[in-house]
Structures are given as C-alpha cells and as structure tokens.
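A quick write-up on the structure given underneath.
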Amino acid sequence: MTGFIILSTFIGLIIVSFAAIIQKKIADSIILFMGVGLGSVVLFYLFKAPDVALTEAVISAGISSLIFLMALKHLGEQK
Amino acid sequence: MITYLGYVFIFWGTIAFLISAVGLIRMPDIYTRMHVGTKSTTMGIILVILGAICIEPSWALKLILLAIFILLTNPLSSSVIARASHKDGATLELDELKKVEK
Amino acid sequence: MFELVTILLLLSMMITLYRFLKGPTLADRVVAFDVMNIMGVSLLILLALYFQRSLYLDIALVFGLIGFLGTTIFGRYIEKGI
Amino acid sequence: MNRRKISIKRELPTATLSGFVLSALLILTILNILLQNMPHKIETAGDLLLKLNTTEGVANAVTTVVVYFRGFDTLGEISVLFIASMGIGLMLRSNTKCNIKSESNFMLQTASKILFPVILLFGTYVMIYGHLSPGGGFQGGVIIASGVLLLLISDKAFEVPHSVIVALETFAGVSYVLIGLIGLLVLDTFLGNFLPHDISQMGMLLSGGIIPLIYIIVGIKVGSEMSMIVQNLIKRSDDV
C-alpha cells in the first residue's frame, strides 16, 4: 500500500514540476512550485524522515513563496 | 466496534473530498469554485478527524487542536481569495441579477 | 478498509491536480492549491494512523496552522496589495 | 535566413534511447538479485545512533547529531544566516518607500490578531520539544517568522521595532557561545552537557540537559533574523 502511494506521489510530482517549467507567466510557475513542495513533504513523510518533512513544510508554506514573489516584483514582470 | 465507526466517518469525509474535487472541475467561474472548494473540504477534514479520534482515542488532544486550527484558518483563505478576484475584475458566469436589472 | 479510503483520497487529489495544472487564471490555481493543502493534511493523518506513530501528527499540525499563509500571500499579490 | 525545420521524430535517436532503457533494466535486475542475496541483519547508521541516544538521554537521533557531535557547525550555520540577513538589509536599504499599496481585508486584520499568539505558542512548542519530537530551533524560529509575516501583510502600519531585534540577536549569539565555553571549562568539550541528564528519565521534558536551552537560543536567533529578512523584503523602509 505504501509503495502505491509513493508511486502515485512520484508521478504527480514529475507532472507538476514539468508543468512548472513550461509556463509562460512566472507567477504561475511559482504557484506550481508550491505544489512541488507539498508533494515532497508527503514523500519525505513516507520515507520516514519526519525532521526533513517538518523543515520542508515550514519553509515552503510561507517564506519561500514570499521571497519568490518579492523577487518577481523587484525584477519586474517580463512579457 | 468503535474502530468500524471511525472508518465510516473517514469514508464519508473522503466522499466529501471527492465531491469537492468534482465540483472544482464542474463549476464555471472562480466564485463558485471557491465556494465548492472551501465549504466541502472543511466538512471533510472535520469528519476525518472525528474518525481518527474514534480509532485512536489517546491522540484526541492533538487532533482536536488540529481541528481548531483548520476551523480558524480555512474561512480566512477563502475570503482573501474572493476579495482578490473581485478586485482583479472577475465576473460571474451565470449572473441572474443582470437580467432583473435590465 | 484503509486501502479503500486512501485510494478515494488519492483519486480526489488527482482530480484536483487537473484544475491545478489547467486553471485559466492564477486565482483558480490558488483555490486548487488550497484544496490540495487540506487533502494533504488528511492524507498525513491517515498515514499517521497507518504507521501508528502519534509523533508524525506534528507535521499535520504545522500544515494546518501555517499552510494558509501561501494562499494569503498569493491573494494579496492578485489584488496588487503587496 | 530560413532555417531547415527539423522534426522531433528525426532528431530523437530512438535506437540509442531503447538501448539505454534496456541496459538500465538489466542493471536494475542485477542490482535486485545482488541486494536479495545480502545478509538481512545489517547494522545501519540509525541503529548505532539509537545506541548513542541511550547514553545522552535524548529520544531524537537527529538532535544528538546536530547538538552534541556537530555543535560547532551549528554556530557556523547561524553566522551564515546572520550574514545573509545583513546582506539583504544592506542591499535594500537605499529604497525607502513602503511596498504595501492598499489596506487588507477586514477579516484578515481581525484574524491576524487572534492567530499571531497561537502561532507564537506553537513555534515555542516546536522549539522546546525538539529533542523528543521532530522539530528544533530552526523550524521553531521560522514558524515565529511566519507569524510576523502574517502581521506584516495584514496590517499596513505594523513594523518590527529594530532595537528589539538587535537586542534579541545579540543576547542569543552571546549566550550560545557562553554556554559552549562553560561546557569547555567543565567537561573539556565545546557544548559539553554540564546539566544533569538521567537515562532513566528519557522521554521527559527535562531529560535532555542543555538541549532545550540551546534550542531556545537558536530559535530566538533564527526567528529574529528571518523576521528582519521578511520585513526588509516587504517594507523596505528601515531608518537605520
């Protein structure tokens, strides 16, 4: 059962991260990157590494998206 | 016996999640999607937490704390999204009131 | 019983992933991300029940408490407030 | 300038790709057979760490490594974070305009005042119980910085007072080195565990000796530095 969950999480993670690369707007890429963070938390949890999972959850929930969005605003949106 | 009750609770919670996911595809615009996505998942997570309390009664403190956190934060995100998309200029797809005003 | 519940949850996560990938505007993606956050919390609870470790609930607590911050930041970005 | 259009099908060397896939499958099969024949009782690194845990009275193996055996490295990591915070503050200092354009939602303004103490309490819980459950100083500090971030994006007038941040950071840095030096005096190692730690009490809060103390100090330092970074990114109006 655990193997099935790991496999489906892997497939979803690969699809989301591929979609994050090919987006036209950068803000779309950032929200897809947040999805990658969520999937990797579940994956670390399944590999029984709760410390790493907690760190990833804390970082990717709030701080990471703020830093990316602020960098996007500083640089200006490209067409 | 109480374990089976817990699994029944968790089953209905996942049914609520499934309804929410189908509604997220089915609905035409952002306001209805926001409505479907937040109301139904709140009920789903509360049912899952109730089921987990029935299965493992000794974890009740942490799970009730988790339910309180979810009840505090989930309506907040939905209201922020609704206000943001209204300011961004999103419109309703099926607006019945526009016919009345004409 | 556990298998049925988990497969239902993974199925609904997959359906939500469709809206998350396709969504025409940014707000659609943010709503789908919020829904996936809550589904992820319930998946973590189910896995803690499966592994029989109450310590693993801490990660679900973190997601329940500060998982909404990403949604809030993106909402403030969409309304051009931040 | 009309470049010849090359179709993807012709560019992709299908024979080579299928050769790669076949050889990868072969290697996987051989590895599987080799791993199946290994003896099952292997003493992994986790087992060794669990044996060490019983001598130190700490229930979390990661904490044993991070604080006991790599305590000096933790000091270096904290100073790296300090340098990053200082660099962001220096780079964004010249621009003195407020970056928040409009007032936020009324619900968000009300809820942030209720949620901030809860987030603060939860961050402290993650810090203090770092030696018994997943978590530690860095994670607790980042949770507290997330609470500050919630206040910053909900309230236009809120600003973290600079002098408080400076005082907290100085206090945390000085006391980390002082505790390490006391350990060096008493037990001949940097960050030696000079407080009583019973093995029989493993699993209780006070069983870790100086571990909760060090985690509180690391959490204060990380929290103040991360909230300074967040405030510099959002407001860009520090008047130092």
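The values are calculated or read from the model by the stated rules, or taken from the named source; none is laboratory data. None of these values were measured; they are calculated from a predicted model. No Cβ is skipped: glycine too gets one built from the backbone with ideal geometry, and neighbour counts run over all protein chains shown. Heavy atoms of the whole protein, side chains included, go into the accessibility calculation; ligands, DNA and RNA do not. Shrake-Rupley method; radii C 1.70, N 1.55, O 1.52, S 1.80 Å.
Figures for the structure shown
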| quantity | calculated |
| --- | --- |
| The protein assembly as shown: C-alpha gyration tensor shape, a/c 1.5 cut-off, then a/b vs b/c | rounded |
| Summed buried accessible area for A+C [probe radius 1.4 Å, Å², rounded to 100] | 3300 |
| Area buried, chain B against chain C - accessible surface, total, 1.4 angstrom probe, square angstrom | 3900 |
| D:L31, D:L81, ranked by accessible area, largest first (probe 1.4 Å) | D:L31, D:L81 |
| Cleavage-rule hits (GluC sites (Glu not before Pro)) in chain B: DSSP loop, at most 12 neighbouring Cβ within 10 angstrom | B:E93 |
| 1.4 Å probe, heavy atoms, protein only - residues of the range A:36-65 losing at least 50 Å² accessible area vs chain alone | A:L38, A:V42, A:Y45, A:K48, A:P50, A:D51, A:L54, A:V58, A:A61, A:I63 |
| Ranked order, D:L185, C:L44, B:L72, C:L11 - accessible area, probe 1.4 Å, largest first | D:L185, C:L11, B:L72, C:L44 |
| Using a Förster distance of 22 Å, the FRET efficiency for D:F69-A:I59 (Cβ separation, nearest 0.05) | 0.35 |
| Solvent-accessible area per residue, Å², over chain B with all protein chains present [probe radius 1.4 Å] | 54 |
| Accessible surface, per residue, of the range D:45-234 when the full set of protein chains is kept, probe 1.4 Å, Å² | 47 |
| A:K48/B:D95 FRET efficiency (R0 45 Å; Cβ-Cβ; nearest 0.05) | 0.30 |
| Spacing of the two label points (7 Å from each Cα toward its C-beta) at D:I33 and C:R53, in nm | 3.5 |
| Pairwise label distance in nanometres, D:F20 with D:E159, each label 7 Å out on the Cα-Cβ vector | 5.6 |
| For the range D:99-225: rounded, prolate or oblate by the Cα gyration tensor [a/c cutoff 1.5] | oblate |
| Gain in span if fully extended, D:M91 to D:F106, counting 0.36 nm per residue against the direct Cα distance | 2.1 nm |
| Carbon + sulfur, % of accessible area of the protein assembly as shown - ligands and nucleic acids excluded, 1.4 Å | 71 |
| Occluded residues from the range B:2-40, i.e. those whose accessible area drops by 30 Å² or more once the chain is not alone (1.4 Å probe) | B:Y7, B:I10, B:F11, B:T14, B:F17, B:L18, B:A21, B:L24, B:I25, B:I30, B:R33 |
| Shape call, chain B: gyration tensor on alpha carbons, a/c limit 1.5 | prolate |
| Solvent exposure ordering (accessible area, 1.4 Å, most first) of C:E3, D:E225, B:E56 | C:E3, B:E56, D:E225 |
| Simple spin-label estimate for D:S175 and B:M1 in nanometres, 7 Å along Cα-Cβ | 5.4 |
| Accessible-area value, C:M1, 1.4 Å probe, nucleic acids and ligands omitted, Å² | 100 |
